[in-house]
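The values are calculated or read from the model by the stated rules, or taken from the named source; none is laboratory data. Quick caveat: nothing in here was measured; it's all calculated off a predicted structure. Cβ: placed from backbone, ideal geometry, glycine included. Neighbour counts: every protein chain shown.
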Amino acid sequence: MQLKKPPTPLRLGLMAASCALLGSPAAKAQTAADGEQPLLIDAGVLYYKEDQGRVQTIEPIVRFKKDYGDEHVLGVTLAFDSLTGGSPNGAIPSRKAQTFATPSGTSLQPVSGVPQTYTTPSGQVVAALAKVTLYSVQPALLPLDPNFHDRRIAADVSWAQPVATDTHASIAGHLSNELDFDSAAFNAALSHDFNGKNTTVSAGVNGELDAVKPIGGAPVGGSDYTQLLKNGSKSKDVVGGLLGVTQVMSRRWVAQLNYTYDKSNGYLTDPYKIVSVVDGTGTETGYRFESRPDKRTRQSLYFGNKAYVGGEVLDISYRRSKDDWGIKSDTVDGRLRIDLGNDIYLEPHARWYHQGAADFYHLYLNQSDALPAYLSADPRLADFKATTFGAKFGVGFGGNTELSLRIEQYQQKPTDTTSSLAALQGLNLNPGLKTVIVQLGWRYDY
Amino acid sequence: MASPCEVLLETEDLDRARSAGRAAADEAWRIEAKFSRYRRDSVVSTINASNGRPVEVDAETAALIDFAAHCHRLSDGRFDITSGVLRRCWRFDGSDRLPTAAAIDAVRPFIGFDKIGWDAPVITVPTGMELDFGGIGKEYAVDRALAAVTASSSESALVNFGGDLAATRAPAGGPWRVGIERPGTEREAALLLELEQGALATSGDTHRYLLRAGVRYGHIMDVHTGWPVVGAPRSVTVAAGACIEAGMLATFAMLSGAGAEAFLDQQGVRYWCLRG
């Protein structure tokens, strides 16, 4: 046995290979990935502002995620937001000033000792309850209720874990409270990996129970606005399901196909929205509270792709939805994550959306026509196109902290915005919407 | 790991000893869970069930595959992590049941690391072929466990997983004393070695062999013939800096058959071969 002699090439090669193996930091990272993980905190502030003094909101949101090892993951999300600003009440602009009551009123019928009066669009002067606050809208402007405000607090809790080989289950619950709306929801899902984890099928169910407590009560659908016929609180529920397949198409491409179905039941009307009624010349003669069907069934098909293209990650998806209110929509969404080195990335985002109008959507109603069973002038039910352009910029610090800034602009362009009626000519009856979204995010991995 | 595991630590702090034991055990279980082909959810099982499709692996698995690729090259193809399919015909249970030549020929097309597509971090294992880290895993776990034990301290420590071991440095009372089993016996030391620091690994057929017509067939396989290497020592123990390195030198020596001692002499390493 010789001890002192220079190492052979084989020995040197083996030493080098051993050093490379044991010096690789991967095992340590992997230790963390399999075992209990430190807490992940993801906090952000979202600022959302619509143009022309409409709604704006600031929403702080905090997410906690804790991995207890072996893919047992607890997630908790808390959000708080406060909305202020003006919200379209559904009426169209007019050549003359229009007066409306905030939703807190219960009746515009004469009540003794009431200090305010209210002139209906037909010229009738009525006394209003003290609770009613009136607001006027200047000629040619879209009627916005300037007193719109709300605050919302929401909490989500989720749990995910494997339940059998290659099978994962998750359950989640959600509670939220607004001034006029309480919501409780749950969902449960199962997924199973096949084919060496190259194929995953998933199925889920979800349910939601909401209490709708409109300020001043829920108006009687289709009733005359000046009567302020309201009758208390309402409720609605939603049940739905999801079926999905995720497939690894190649080393650089993962595709996902999801089908979702949900059915809503109950009070689906927006209690604060009205519809203008005009005569043959286009002059307002009154307003009606909107009224929507108390059932809605929605289906959508989603095709998503993540691909690794030229060193960057491309995320592109298409969604087709339709419901039995007659709304059909298409969404194309794309993001490209560009790694700029030094833990810095830029992620441009573009989205294109188009929807057709609901069957019962009317820009306004003609006085001479029979009152339809269902009616709404909510711009969200109109035929419109919308685009989103923006980018997210992220910087990582020391491997466990990331700061990000997202800036996006959203623009909604309605298709149907004019009328040939004399008094409405030259007015933009549904001017659309432009919003800016700024989100500041902070992520910390303890 | 299917063998007794122990951690020796020079400390008077019982909590510290417990946490060291736990760190080593956690690391051992982690590596076992990740690389054992007996566990359906392991990385290796995922790769072996890939049916010829590319599988992207994590950095640690990639480092092990790289290591196996180096060893394949350094041994001129004799060390091969695809040779595990020979188990389909060879069962080293101490009996005299040798497989037929036809059975061996049937699996030989599924052996050969050069048939594996390896473009880190993506591995493509043709249908019918399998990876087996059994020849590396235990020694790798010893090195990793020792690193886990000593990550937060500088005590003298030794990790021993079924005879493959590594130590940081000798305790105050003198070098670590390590016994090596006499082949064919249990708990009877044939050799008593003293180890200051570094690693020892043993390759041998102490428990895994076939015996027919007086010929002993050890479990170290010659991938070129599909038969066990002939003329190899019953056991080879090698000392080196890391357990993975010692283990590989011992395996290479066994693969050299009758030339085991000559191979080890040439490498200039300390070794102990037991024959007969």
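Checked against (1) over 30 Å from residue A:206 (Cα atoms); (2) small (Gly, Ala, Ser); (3) touching a residue at least 60 places away in the same chain (Cβ under 8 Å), residue A:377 meets all criteria but (1).
Among the residues of the stretch B:34-60 satisfying the criterion of being more than 7 Å from chain A (Cβ to nearest Cβ), among the hydrophobic types (A, V, I, L, M, F, W, C) and assigned to a helix (DSSP H, G or I), which is farthest from the chain's Cα centre (by Cα)? Here the answer is B:47. The single residue among A:174, A:168 that is within 14 Å of chain B (Cβ to nearest Cβ), crowded, with 17+ Cβ neighbours inside 10 Å and assigned to a strand (DSSP E or B) turns out to be A:168. From the list A:373, A:386, the lone residue that is more than 23 Å from residue A:344 (Cα to Cα) and exposed (fewer than 15 other Cβ atoms within 10 Å of the Cβ) is A:373. Residues in the stretch B:257-276 that are out of contact with any strand residue (DSSP E or B) (no Cβ under 7 Å at 6 or more places or on another chain) and either in contact (Cβ under 8 Å) with a residue 40 or more places away in the chain or within 11 Å of another protein chain (Cβ to nearest Cβ) (or both): B:263, B:265, B:266, B:267, B:268, B:275, B:276. Considering the stretch B:181-209, and only residues there that are at pLDDT 80 or above and part of a loop (DSSP other than H, G, I, E, B), the residue that is surrounded by the fewest Cβ atoms within 10 Å (Cβ to Cβ) turns out to be B:196.
Restricting attention to the stretch A:280-297, which residues are in contact (Cβ under 8 Å) with a residue 40 or more places away in the chain, part of a strand (DSSP E or B) and surrounded by fewer than 18 Cβ atoms within 10 Å (Cβ to Cβ)? Result: A:285, single match. Regarding the stretch A:231-247, can at least one residue be identified that is over 20 Å from the mean Cα position of the chain (by Cα), at pLDDT 85 or above and within 14 Å of chain B (Cβ to nearest Cβ)? Yes: the stretch A:231-247 contains one or more residues that are over 20 Å from the mean Cα position of the chain (by Cα), at pLDDT 85 or above and within 14 Å of chain B (Cβ to nearest Cβ).
Against the definition (more than 19 Å from residue A:165 (Cβ to Cβ), surrounded by fewer than 16 Cβ atoms within 10 Å (Cβ to Cβ) and of a type in the set (Asp, Glu)), how does residue B:80 come out, yes or no? No; evaluated as a whole, the condition is false for this residue. Looking at the structure I just gave you, is residue A:340 surrounded by fewer than 18 Cβ atoms within 10 Å (Cβ to Cβ), under 30 Å from residue A:310 (Cα atoms) and among the hydrophobic types (A, V, I, L, M, F, W, C)? It is true that residue A:340 is surrounded by fewer than 18 Cβ atoms within 10 Å (Cβ to Cβ), under 30 Å from residue A:310 (Cα atoms) and among the hydrophobic types (A, V, I, L, M, F, W, C). Only a single item in (1) more than 26 Å from residue A:84 (Cα to Cα); (2) in a strand (DSSP E or B) is not met by residue A:197, and it is number (2).
Can you say whether residue B:86 is in contact with a strand residue (DSSP E or B) (Cβ under 6 Å, 6 or more places away or on another chain) and either away from chain A (no Cβ under 12 Å) or among the aliphatic types (A, V, I, L, M) (or both), as far as the supplied structure shows? Spelling it out, residue B:86 is indeed in contact with a strand residue (DSSP E or B) (Cβ under 6 Å, 6 or more places away or on another chain) and either away from chain A (no Cβ under 12 Å) or among the aliphatic types (A, V, I, L, M) (or both).
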